[in-house]
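Rule-based calculations on the coordinates, nothing more; no lab input. This is a predicted model, so every value here is computed, not measured. Ideal geometry is used to build each Cβ from the backbone, glycine not excepted, and the neighbour counts take in all protein chains shown.
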Amino acid sequence: SSDLIKIFNTQTSQFCDAIYSFNLNVINSVVAGTNITDSICDNLAGQNYTLTDFDPDVLNGQPAGNFIITYYNTQADAQLGINSIGNSLNIPPGSSSITVWIRMQNISNPNCFDLTSAVITINPLPTVTTIGQIIECNNYTLLPIANGTYYTGPNGTGTQLNPGDVIDITGIYYIFAG
């Protein structure tokens, strides 16, 4: 279609007719996904979280090739597109919740963008009963413990052992709660 634009010349008080062509590109609105969450377990040494794991939720079914997704500590930084934190976030031990701000920007027009946020909930580690080194001559009977279950392998692997079981083989045994 064609559009006719009339320009009024304020110096001559006359309308001047002219036809000029121009390109108009209409880009669909950028709509980022919402209600983005994740839940992880705490780590005594802290941990790195890969923020790009949120990308599918941010895109919400839209083609990834049409957008640039960047991550921020604050909504203000995301709005301005400054101080991006990269694709990885260091989560210190003892954190309970972290909100990350996300900017989803049209790749062909940086003025077309939407903001959303993601909340990472960090669940505390369960309480586990600790037992010091035990040295016995013949065998050892496992005592009742308040928190956790005995296993022959780490992280709840191997054979589960119970209070009252008699251990007569030297080795490393584990208490796991999870």
In the list [x] 1.38; [y] 1.06; [z] 1.16, the entry giving Rg/Rh (Cα atoms, Kirkwood Rh) computed from the coordinates is [x]
Selection from 98, 58, 134, by position along the positive dipole direction of the chain (Cβ)
58
Restricting to DSSP H runs of at least four residues, report the calculated mean residue ellipticity at 222 nm for the chain, -39500 (n - 2.57) per run over all residues, nearest 500 deg cm²/dmol.
-1500 deg cm²/dmol
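Per the Kirkwood treatment, what hydrodynamic radius in Å, one decimal, follows for segment 28-94 from the mean inverse distance over all distinct Cα pairs? Before the final figure, lay out each step's value.
On the way: mean 1/r = 0.0737 Å⁻¹.
One over the average 1/r among Cα pairs gives 13.6 Å for segment 28-94.
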If N is the number of residues in segment 73-130, what value comes out of its Cα radius of gyration divided by 2.2 N^0.38 Å?
1.54
